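See below for the structure under consideration.
The values are calculated or read from the model by the stated rules, or taken from the named source; none is laboratory data. Keep in mind that this is a model prediction, so the values were computed, not measured. In this analysis, Cβ positions are derived from the backbone assuming ideal geometry, glycine residues included, and neighbour counts consider all displayed protein chains. These accessible areas exclude ligands, DNA and RNA; they are computed on the full protein's heavy atoms, side chains included. Shrake-Rupley method; radii C 1.70, N 1.55, O 1.52, S 1.80 Å.
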Amino acid sequence: IEIYSLHVDCKVTSRFAHTIITSRIVSRSNESQEATFEVELPKTAFITNFSMSIDGEVYPGVIKERAAAQNEYDVAASQGQSAGLVKITDRKLEQFHVTVSIAAASKVTFELTYEELLKRQLGKYELLIKVRPKQLVKHFQIDVHIFEPQGIRFLETDSTFMTNELTEALTKVQNETKAHILFKPTLDQQKKNSELDETLLNGDFVVHYDVKREATAGDIQIVNGYFVHYFAPQEMPVFPKNVIFVIDRSGSMTGRKIEQTRDALLKILRDLRPEDHFSFITFNNKVVEWKNSLLPATEENVASAAALVQTLTARGGTDISAALLTAVGVLEKAEGLPERSVSMIILLTDGQPTSGERDVEVIQENVQKAINGKYALFCLGFGFDVSYKFLEKMALSNGGIARRIYENADAALQLQGFYQEVATPILMQIEMQYPENSIEGLTKNNFKLFFEGSEIIVSGKISDELDLLPVEIKAQSHTSNLTLKEEANVKEKEQVFQNQRYIFGHFIERLWAYLSIQQLLEKAISAQEEDQKALEAQALDLSLRYSFVTPLTSMVVTKPQQQEELANKPTETG
């Protein structure tokens, strides 16, 4: 079986990426055999389309409600269940894998399309393309077209498999608002060495970029009656932080995990700003407070904390509840904290609650009651023995986020990286206001915190009669209460995207649908049961209407001889 052509075609229009992967395969054998199509795509992306064409006959994938698809599939597969087509393979990736039996000398074309909204982190967007053809490919090509009406501030490509020869196959053309990256290695350039037919192409092909930002109230873009508003203020004073680190030192953290935690904490301590206040709580079945109050991050206090971190050892059970409630208590009774400051609790644990209160629902309820919207809770789950669902629900219910830390050599870097994302809060209580009676389906427009280097994105549908879209942003900065105003001329904004060959369909409408689904699913995690059902029903409706494979839908892939297989979106919580 020979892959004679593999083309990755990615168009990014205003952060929304639309990727089509086309693989053409020919069987050189004189008997029938299996042809495989395997693609790794970002977990944050939704598959929107898949088709196979075997000797000219097309087999499309059809997206249906997950439960209905499963019933159909169970009937079709009653003689033996075949495995699902998508599984998580990596911390950032999931794999789509389909195998089909083809006759001698057949030709097959596989085509997979997926979409995602690129997220700004630490001042840049990342577009990740996984390259792993497993054989030399005669026509191999990656095309990335980027169109950013705000202007491209910087653009860089990075790859884990580049050699000097392969660099010659990479070209980059760029002007003010557009860029085209082309990677087209010849067969010789793909070879590990001239004697062996082994490919060098195995790893990540990454594009990083950021856009120019001028307008203080952000940037508004409009296509076909849908708008998107990007807001990422720069160069603002940073809020002092009051941060309590709640660190699990139960028996399961022994060895590598506690070492990596120590390494990360030592570096994080060095990154605290002098105006920050901090404290440590460590816990197993007992909760130990480093000090019973928050201390300013002076050199002396940081050194004293570092000395404690060096001595951290792991043994005993896991009383998550008592540790978190103790942390809330320290913030409650703290005195002398800067008037305008941001208080947060960062929990790191690798297990389930095994001592004290063990019922996760009771813990969630008690913690939410105690925090009462005043502080942000961030939960880091170390490894795969944690109940990630529990941590995620607890974080999202308390204005924070959850993140899995993978037990790899770079775990300390993952912990530091997470801290860097939340280390510089520059706005609080952000309200993005639009004319109520002229906007439908508005996505989330109130945000507790904004961290430097990230971005707020709001989208919605504008009613037909609106000529001017006024926007008002209210927020608190470290020094003042801000009100920013902007007015977008709908007709002028629509012109920006006219006649652009970069546009794939009504991309802002698809961006709006993608963002709405992501937010509805996130909201459902921490909602009460009846609200959860309503939120999921809305997300399902959008997933079907815009054909996205989300956790609520399945793609039914039909093969020759009426065989059917399912592509489901896997989730972090299993």
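Given the alternatives [x] 29.3; [y] 28.0; [z] 25.5, mean projected area of the Cα convex hull in nm² as computed for this entry is given by [x].
Every pair of different Cα atoms in the range 241-423 enters the Kirkwood calculation, which places the hydrodynamic radius at 16.1 Å. Angle of helix 507-525 to the longest C-alpha principal axis of the chain, folded into 0 to 90 degrees and rounded to 10: 50°. Taking 0.36 nm per residue of separation and subtracting the Cα-Cα distance, full extension of the segment from ALA307 to ASN224 would add 23.9 nm.
Take each peptide in 430-438, 193-201, 205-213, 321-329, count the other Cβ atoms within 10 Å of every residue, and average; sorted highest first, the result is 321-329, 205-213, 430-438, 193-201.
Applied to the range 42-52, the Karplus parametrisation 6.51 cos²θ - 1.76 cosθ + 1.60 on θ = phi - 60° returns per-residue 3J(HN,Hα) values of x, 4, 6, 8, 10, 5, 10, 6, 8, 8, 10 Hz, with x for Gly and Pro.
The gain in end-to-end length when the ALA104 to LYS559 segment is fully stretched comes to 162.1 nm, 0.36 nm per residue minus the alpha carbon separation. Taking every protein chain into account, the 1.4 Å probe leaves LYS87 with about 110 Å² of accessible area, to the nearest ten.
Close amide H pairs (under 5 Å, H built 1.01 Å from N) link LEU427 with PHE450, residues at least 5 positions away or on another chain. When you restrict to C-alpha pairs under 8 Å that are six or more residues apart and normalise by the size of the chain, the relative contact order lands at 17 percent. Pull out a ≥ b ≥ c, the square roots of the eigenvalues of the alpha-carbon gyration tensor of the range 413-561, then state rounded if a/c is under 1.5, prolate if not and a/b is larger than b/c, and oblate in the remaining case. Oblate is the answer for the range 413-561, as a/c is 1.5 or above yet b/c matches or exceeds a/b.
Ranking THR483, THR318 by solvent-accessible area of protein heavy atoms (1.4 Å probe, all protein chains present), from largest to smallest, gives THR483, THR318. Cα centroid separation, the range 92-113 to the range 217-259: 38 Å.
Helix 66-76 sits at what angle to the longest principal axis of the chain, using alpha carbons and giving 0 to 90 degrees rounded to 10? The helix 66-76 is inclined about 40 degrees to the chain. Give me the angle, in degrees from 0 to 90, between the Cα long axis of helix 299-310 and the longest principal axis of the Cα atoms of the chain, rounded to the nearest 10. Roughly 60 degrees, rounded to the nearest 10. Which loop GluC sites (Glu not before Pro) in the range 313-349, with loop taken from DSSP, have no more than 11 other Cβ atoms within 10 angstrom of their Cβ? Hits after loop and neighbour filter: GLU335, GLU339. Close amide H pairs (under 5 Å, H built 1.01 Å from N) link ASN445 with no residue at least 5 positions away or on another chain.
Counting only DSSP beta bridges with both residues in the chain, the antiparallel share comes to about 80 percent.
Mean separation of Cα pairs under 8 Å and 6 or more residues apart, divided by the residue count, gives the range 246-387 a relative contact order of 28 percent.
Carbon and sulfur: what percent of the chain's accessible surface (1.4 Å probe)? Carbon and sulfur together cover 46 percent of it. Karplus-derived 3J(HN,Hα) values for the range 101-110, using 6.51 cos²θ - 1.76 cosθ + 1.60 with θ = phi - 60°, are 8, 10, 6, 4, 6, 7, 10, 10, 10, 9 Hz; glycine and proline are entered as x.
The string of couplings for the range 11-17 from the Karplus curve (6.51, -1.76, 1.60, θ = phi - 60°) is 10, 10, 10, 6, 6, 9, 9 Hz, one whole number per residue in order, with x for Gly and Pro. Cross-link check: pairs LYS369/LYS523; LYS107/LYS569; LYS87/LYS107 evaluated at a Cα-Cα cut-off of 24 Å; pairs beyond the cut-off: LYS107/LYS569; LYS87/LYS107. The gain in end-to-end length when the THR479 to GLU165 segment is fully stretched comes to 107.7 nm, 0.36 nm per residue minus the alpha carbon separation.
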